[in-house]
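A short write-up of the structure that comes next.
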Amino acid sequence: MGNIGEIGNYIPSSFIDWDSRVSAVIFLTGCNFRCPFCHNGLLVNEQVPALNDIKVLEHIKSRRSFLDGVVISGGEPTLDIKRLEKILFQLKEVGLPVKLDTNGSNPLALEMLISKGLIDAVAMDIKGPWEKYDMLCGRIVDKESIKRSIDLLISSEIEVEFRTTFVPALMDYDDLSKIERFLGGKAPWIVQCFKSENAMDEALRNTKGPSREILREKFPGAIIR
Ligand code: SF4
C-alpha cells in the first residue's frame, strides 16, 4: 500500500478537472483531513498501491501534444512537499501547465511553489463557515492557515478558484451565504453538489444531494457543478 505523497491514481485524460482544458490528473495519497463527505477514502487512507512515478511521467510526456495541462490532486498533495516538488520539477521539463488541488492547510508550501513558478493554477477547498470547519474536515483544523492560504492565493498572479462541496445533511444555504460574503467576489467560487455514493462517513451514503436548480437560483454569482 502507498505512503503519503505517492501516486495512488492517474487519469490520462480528463475533461472535467480543469475548466476548458484536457488534463492528465495525478492523485497523491494521504491527507491531513478526514472530511466525512470525501469520496476519495482509499487515497486519503493510503489504501491503494503506489503507481510508478517514472512510468506515469513518461506516459504524460508521450501524450504531451494531446494535453493542455496536468492536475495534481489527492488526498492533500502538499503533505510531502519534497515529493511534490520533485514531480512538479519534472512536469516543468515536460512543459505543461500545472493546476494544484489543495485543502489550503499548508500556506507555506503554496507560497514556495508559487514563488518558484512551479504551479500555474490552484483550486482550493473552502469547506464551510469557520464555526463548522472542524466538523466538516473531521479534524481540528488551524483556520488561520486556511485564511492565510486564501489571502495568498487572492493576491497572487496565478489562476485561482475556490470550491465548496455542499452537503445538505451537514450544511444549509446560510452557510453558503457566509462563504460567499467572506470571498466577496474576489475569486471564482464553485459550489459542488455532494454525491453520496462513496462518502467516507457511511452515515452520509444514503443522504440526498442538493438541487442544482435551487443553488443556481440562490447563488447566481457562483459556478454550480
Ligand atoms: S475531501 Fe479533500 S481534504 Fe477532505 S479528506 Fe478528502 S482529500 Fe482530504
Inset, instruction - Only Cα pairs under 8 Å and at least 6 apart count here; give the relative contact order of the chain as a rounded whole percent. - result: 18
Legend entry - Residues of the range 1-26 with amide N under 18 Å of the 7 Å Cα→Cβ point at S145: 4-6
Legend entry - Among 6-14, 22-30, 178-186, the order from most to least packed when residues are scored by Cβ within 10 Å on average: 22-30, 6-14, 178-186
Inset, instruction - Could you compute the FRET efficiency for A187 and H39, with r as their C-beta to C-beta distance and R0 at 30 Å, rounded to 0.05? - result: 0.80
Legend entry - Virtual spin-label span in nm between I223 and E157, 7 Å along Cα→Cβ: 2.2
Inset, instruction - Keeping all protein chains in place, calculate the accessible area per residue for the range 98-179 (probe 1.4 angstrom), answer in Å². - result: 39
Legend entry - Exposure rank, largest accessible area first [M135, M1, M171, M200; 1.4 Å]: M1, M135, M200, M171
Inset, instruction - Enumerate cysteines in the chain without a disulfide-compatible partner, where compatibility requires another Cys Cβ under 4.7 angstrom. - result: C31, C137, C193
Legend entry - Those lysines that a straight Cα-Cα span of less than 22 Å connects to K86, excepting residues fewer than 8 apart in one chain: K55, K61, K99, K116
Legend entry - MRE, 222 nm, helices only [DSSP H, n ≥ 4, -39500 (n - 2.57), over the chain, to nearest 500]: -9000 deg cm²/dmol
Legend entry - Under-5 Å amide H pairs with Q192, H placed in peptide plane, nonlocal only: T164, T165, F166, R225
Inset, instruction - Find the all-direction average of the projected area of the Cα convex hull for the range 77-148, expressing the result in square nanometres with one decimal place. - result: 4.8
Legend entry - Shape parameters for the chain, alpha-carbon atoms, Rg then Dmax in Å: 16.9, 47
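The values are calculated or read from the model by the stated rules, or taken from the named source; none is laboratory data. Note that the structure is predicted; figures quoted are calculated from it, not measured. All Cβ positions, even for glycine, are placed from backbone atoms using ideal geometry, and neighbour counts span all protein chains on display. In case anyone asks, the SASA skips ligands and DNA or RNA and just uses the protein heavy atoms, side chains included. Shrake-Rupley method; radii C 1.70, N 1.55, O 1.52, S 1.80 Å.
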